[in-house]
Structure formats: C-alpha cells, structure tokens
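Engineer: Before I ask anything, let me first share the structure, which is written out below as structure tokens.
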Amino acid sequence: MRTKEAVTRRIRELCRERDITPNALSHIAGVSQATIKSILNDESKNPGVVTIQRICEGFHITLREFFDTVEFERLEKEAGRKRKK
C-alpha cells in the first residue's frame, strides 16, 4: 500500500467516525473542496503536510493521532526494510 492511499483511507475513516462529509471537512479545516476531493479521489499526487495539518485541525486531532494507526505503522516498517537492503 502506498502512503497516499493510507492518507485517503484515514481521512475517510475520520469522516465516518465523526459523521462529517468531505464538504463539511473542507469548511471546518479551511481547505478547498477541490483539494479535499482530489485527495479522496486519489488525484492529488502528494497531499502536503500543511494540508494534512489543517485537516487534522478540522478533526481536532494532532498529526501524531492522524498517523498513529496500524496502517501507517505497517508502511513505516516496510520503508525500514527497504532502507536496510
């Protein structure tokens, strides 16, 4: 799995948990609807950390909380294995 896909899944998961639509997230995070749409539709080549930070602020969570999932942990371990080769 790619990091980009994990970011998309995490945003969708947080929206579901909080019963927030992507449009509502756009409003509360101060991120354009087009940006949210491009991230969720896998059109964004690289959602920037500033954008993810603003999304986290909209969800009232930290970046650490955003990335503290099994999925991101798995990605980190895979990256570590690749670096050791």
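The values are calculated or read from the model by the stated rules, or taken from the named source; none is laboratory data. Owing to the predicted nature of the structure, the values given are computational and were not obtained by experimental measurement. Every residue, glycine among them, receives a Cβ derived from its backbone with ideal geometry; neighbour counts consider all protein chains shown. Note: accessible area is taken over every heavy atom of the protein model, side chains too, but ligands, DNA and RNA are not part of it. Shrake-Rupley method; radii C 1.70, N 1.55, O 1.52, S 1.80 Å.
Engineer: With the full set of protein chains in place, find how many percent of the accessible area of the chain is carbon and sulfur; take the probe as 1.4 Å.
Structural biologist: Here it works out to 49 percent.
Engineer: So, one more: Place +1 on the Cβ of every Lys and Arg and -1 on the Cβ of every Asp and Glu in the chain, take the dipole about the Cα centre, and give the residue among ILE61, VAL7, ILE36 whose Cα lies farthest towards its positive end.
Structural biologist: The Cα lying farthest towards the positive end belongs to VAL7.
Engineer: So if the hydrodynamic radius of region 21-85 is defined as the Kirkwood radius over C-alpha pairs, what does Stokes-Einstein give as its diffusion coefficient at 10 °C and 1.306 mPa s, in µm² per second?
Structural biologist: Answer from the Stokes-Einstein relation: 122 µm²/s.
Engineer: Per the helix-only calculation at 222 nm, which mean residue ellipticity applies to the chain, given -39500 (n - 2.57) for every DSSP H run of n ≥ 4 and division by its residues, nearest 500 deg cm²/dmol?
Structural biologist: Only helices count here, giving -22000 deg cm²/dmol.
Engineer: Let me ask something else. Would you tell me the accessible area of GLU17, worked out with a 1.4 angstrom probe on the heavy atoms of the protein chains, in Å² to the nearest 10?
Structural biologist: So the heavy atoms of GLU17 present about 120 Å² to solvent.
Engineer: Let me ask something additional. Accessible area per residue of the chain at 1.4 Å probe, in Å²?
Structural biologist: That works out to 69 Å² per residue.
Engineer: Sum up the charges of everything whose Cβ sits under 12 Å from the Cβ of ASP42, counting Lys and Arg as +1 and Asp and Glu as -1, but leave ASP42 out.
Structural biologist: Residues close to ASP42 contribute a combined charge of +4.
Engineer: Hey, another quick one. Which trypsin sites (Lys or Arg not before Pro) in region 1-46 sit in a loop by DSSP (not H, G, I, E or B) and have at most 13 other Cβ atoms within 10 Å of their own Cβ?
Structural biologist: ARG2, LYS45
Engineer: Also, I was wondering about something else. With every protein chain present, what accessible area does THR21 have (1.4 Å probe, heavy atoms only), rounded to the nearest 10 Å²?
Structural biologist: Roll a 1.4 Å probe over it and THR21 shows about 80 Å².
Engineer: Which order do you get for ASP68, ASP42, ASP19 if you rank them by accessible area with a 1.4 Å probe, largest at the top?
Structural biologist: Final ranking, largest accessible area leading: ASP19, ASP68, ASP42.
Engineer: For LYS4 and ASP42, compute 0.36 nm times the residue count separating them, minus their Cα-Cα distance, and round to one decimal in nm.
Structural biologist: Length gained, LYS4 through ASP42: 12.9 nm.
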